[in-house]
Amino acid sequence: MTRLSNDMLSTLPSNVAVANYDRLARRGVVHLGSGAFHRGHQAAYFDDLMAKGHAGWMITGASLRSDKMAKNLNPQDGLFIHVTNQSATEGAADDVPPRHNKDYRLIRSLAEIIVASAEPQKLINALADQDTQLITLTVTEKGYGINAVTGKLGQDDVDIAYDIENPSVPRTTIGFLVAGLAARFDSGGGGVTILSCDNLPHNGKLTQSAVLQMAAFHSADLVAWIKENVAFPSSMVDRIVPAIQPEHSETLKQDLGIIDQGLVQTEPFSQWVIEDWFAGERPALEEVGVQFVPDVAAWEKAKLRLLNGAHSALAYLGRLAGYKFVHQAMAAPGMAAFINRLWDESVATLGEIEGFNAPIYRADLLNRFQNAALEHQTYQIAMDGSQKLPQRLLAPLEERYALNLSSPFLVAAIASWMKWQFATDDLGKAFIVQDPMAEKLSEIVQQESEDVEKYIRRIVSIKEIFSDNLSQNSRFIKDVTAAFEICRKEGALKLIAETLK
């Protein structure tokens, strides 16, 4: 059994697609957050781009703290296998398990992974390098250091505070971006584009705001240079990339005879919509399926409220009911109908979007959620809910309340998140709540678990999650309390059934 590397490419099985291009060409991209999603999405696009003859868009990846991905990928020369999985159920009898079709490709666009905590200057140098034309980010919602309600950089965060005091050896995403831009500015370097690929509304503006707020602690000259020379386009990314489990690596060994510690698996669907605002060179990604548009906001909103909102509902309701995977949760009694009614509520908040067909998008989502080959874990989606709920579920609910519209399905999904904080599913099985605010949420559970009214009021008073419009809305308090009572006493499936009545 051979571990993947440059030295063994000639022995790859013939069913692994390999693009041919010069990997020693310019590293035009630095990516912060080289996790599974980046490797299943952006890295594949750049692999396609260079295969079309557009050299010079190799990626320098970075992990801010953990050295896991560096240990997995650097010994493999940055190479990894990308598996596209699709259930094949056509013509199968009801009692026959679905077949899984797999397409294998080798992704060659990633040059190396820098561990920022171990080599901070190396990452700063990469960000400042004149070869770097594009900096991309997948650092999750919590990686920006911005309070979702106030829009301010969280100076009470210990790592943000550290970066303000120690700008040359930063710890955070924003700290590294500013340190890299400061080095670029000091060396007389040219402009660069910073492109967020995280599921956040107006992610470009949010990134720009965080960078400028941090840069203000350096100097006014740096702030002025950034405003003049750095672009912060927004983008919308869409692809389901489940976490890899040990059995997936074992299957790869059996199928291909390869040891790959960077394996990534995903679905056939992939979308990337980017605001057409660049400083310096712009990659010709339109040639590999990327959409460049004047304004991404409407596309962001549609994806956050339809795909991501439904995912959160499936995660909390499904996992509370004991379903490990999304496709299993979708098959739960009433779940498909619940998700469709949830979409009815959220679609009404979107307005007209040029080129967007909501019925087709919804039908595609149903098919994607039912793809058993993905094995997308509900628990994985449920992580960091305090950072995700505001844009996925709370924002459309607030807009509907302003129009005096009933929204029982959005409310039920939010109530299931409130029940999630009790860290026990409907079968009595305990789990760990993984969330940046887990400690605060757990404290509220411990103190108010016997008084539902106090529990709900304390939860909705958390300003980092709930706006004043919701926390002070008596209708919302009444609605979500009723839904929470059903979920807590009778379980998630009962909440689904009652909401559908």
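Quick note: the coordinates plus some simple rules give every number you see, no bench work behind them. Just so we're clear, the structure is a prediction, and the values are computed from it rather than from any experiment. Neighbour counts are summed over all protein chains in view; Cβ atoms, including those assigned to glycine, are modelled from backbone coordinates with ideal geometry.
Observations on the model:
- Scanning the chain for GluC sites (Glu not before Pro) that sit in a DSSP loop and have at most 10 other Cβ atoms within 10 Å, the longest stretch containing none of them is 91-351.
- Mean Cα-pair separation over length for the chain, i.e. relative contact order, pairs under 8 Å, 6 or more apart, %: 14
- Answer label for Cα extents along the principal axes in Å (calculated), chosen among [x] 62, 61, 43; [y] 85, 61, 59; [z] 73, 49, 48: [x]
- Mean Cβ count within 10 Å, highest first, over the residues of peptides 229-242, 312-325, 178-191: 312-325, 229-242, 178-191
- The sum of -39500 (n - 2.57) across all DSSP H runs of n ≥ 4, divided by the residue count of the chain, sets its helix-only mean residue ellipticity at 222 nm to -12500 deg cm²/dmol.
- Taking 7 Å steps out from each Cα toward its Cβ at VAL169 and GLU464 produces label points 2.6 nm apart.
- Measuring r between the beta carbons of GLU354 and GLU450 and using R0 = 56 Å, the FRET efficiency lands at 0.60.
- The value of relative contact order for region 297-500, using C-alpha pairs under 8 Å at least six residues apart, is 29 percent.
- Spread of Cα-to-Cα distances over 5 Å intervals beginning at zero, given as percent, for region 287-391: 2, 12, 22, 22, 19, 13, 7, 2, 0
- With a threshold of 28 Å on the Cα-Cα distance, the over-threshold entries among LYS102/LYS303; LYS68/LYS122; LYS388/LYS494; LYS122/LYS227; LYS71/LYS388 are LYS71/LYS388.
- FRET efficiency, SER442 to THR251 (Cβ-Cβ, R0 41 Å, nearest 0.05): 0.65
- Computed lengthening from ARG23 to ALA430, 0.36 nm per intervening residue step minus Cα-Cα distance: 141.8 nm
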